[in-house]
Amino acid sequence: MRGRLRKLCIAALILALPGCLAAKLMTTRFEKPTFTYKGAELVEASQSRAVVNFLFFARNPNEAGLKDATCSYELFVEGKKFLKGNDLPVALNPKGDTEITAPAVIDYADLFPVMRSIARRILSGRKTIPITIDAVFSGKPAIYSEAGKDKPIFFEMRLVKTADIPLP
C-alpha cells in the first residue's frame, strides 16, 4: 500500500511540474530579442551566379526559446532592388545566442536593372560591388518549453547593412 501511494505521489509530481513551468512562462514578462549583422560570406561564384550567405546574430534574453519567427530580406545595389527573400524560418535558443544564415543566390542575369552601376565599377578597376541587405526579423512566435506549451507574442526588427561582394 505504501509503495502504491509513493508511486502515485511521484506520478502526481511529474504531471504537476510541466504545469508549473507553463504557469511560469505565462507570467514571465517577454523581452524582445535583439539582432545584429555579423557579415557576408561568399560561398560560391561562377560565371552565371554567386551564392552569398548573409550572417546575423540573435540574442534571446527569455527563459524560453522562440519559434515561428521569420527573416525576410531585399538586396539592393545603389538603391535599386534586384533580389528578395521571404519568410526564412528562424528559431531562437532560450536564454542565449543563435547564429542566423540568410542564403542568397544572386543570378547575374537578375542584376540587369543595376548593370550600369556594376559596369562602372568593373571599368574603374574595382573588384567588389557593395550590396545592401534590408532584413526584417519578425513574426508571431510562440514561447515554448520542454512541456510544449505555447504563448503567442509579436516582435519585429529591421536591419540595413552593406557588404562588399567580390566580382567574378
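The values are calculated or read from the model by the stated rules, or taken from the named source; none is laboratory data. All of these numbers come straight from a predicted model, not from anything done at the bench. Cβ coordinates were reconstructed from backbone atoms using ideal geometry, including for glycine residues, and neighbour counts include every protein chain displayed.
Filtered by the rule that a residue be part of a loop (DSSP other than H, G, I, E, B), exposed (fewer than 12 other Cβ atoms within 10 Å of the Cβ) and at pLDDT below 80, region 136-159 gives E146, G148.
The single condition from (1) on the phi < 0 side of the Ramachandran plot; (2) more than 12 Å from the chain's Cα centre (by Cα); (3) among the basic types (K, R) that R59 fails is (2).
Identify, by number, the condition in (1) modelled with pLDDT under 90; (2) closer than 30 Å to F112 by Cα that K67 doesn't meet. So K67 meets the others, but not (2). Elements of the type strands (runs of 3 or more DSSP E) sitting completely within region 31-135 and holding at least 2 residues that are out of contact with any Cys (no Cβ under 9 Å at 6 or more places or on another chain), within 21 Å of D164 (Cβ to Cβ) and aliphatic (A, V, I, L, M): these cover 34-45, 49-60, 65-77, 96-107. All of R49, R29 fail the test of being out of contact with any Leu (no Cβ under 9 Å at 6 or more places or on another chain), at pLDDT below 90 and under 30 Å from M115 (Cβ atoms), apart from R49. Within region 77-91, is even one residue hydrophobic (A, V, I, L, M, F, W, C) and touching a residue at least 60 places away in the same chain (Cβ under 8 Å)? Looking through region 77-91, none of the residues is hydrophobic (A, V, I, L, M, F, W, C) and touching a residue at least 60 places away in the same chain (Cβ under 8 Å). Which pairs have Cβ atoms under 8 Å, sit 6 or more apart or on different chains, and link a residue in region 34-45 that is under 11 Å from A102 (Cα atoms) and free of Cβ contacts under 8 Å to residues at least 24 places away in the same chain to one that is part of a strand (DSSP E or B) and of a type in the set (V, I, T)? The qualifying pairs are E41/V52.
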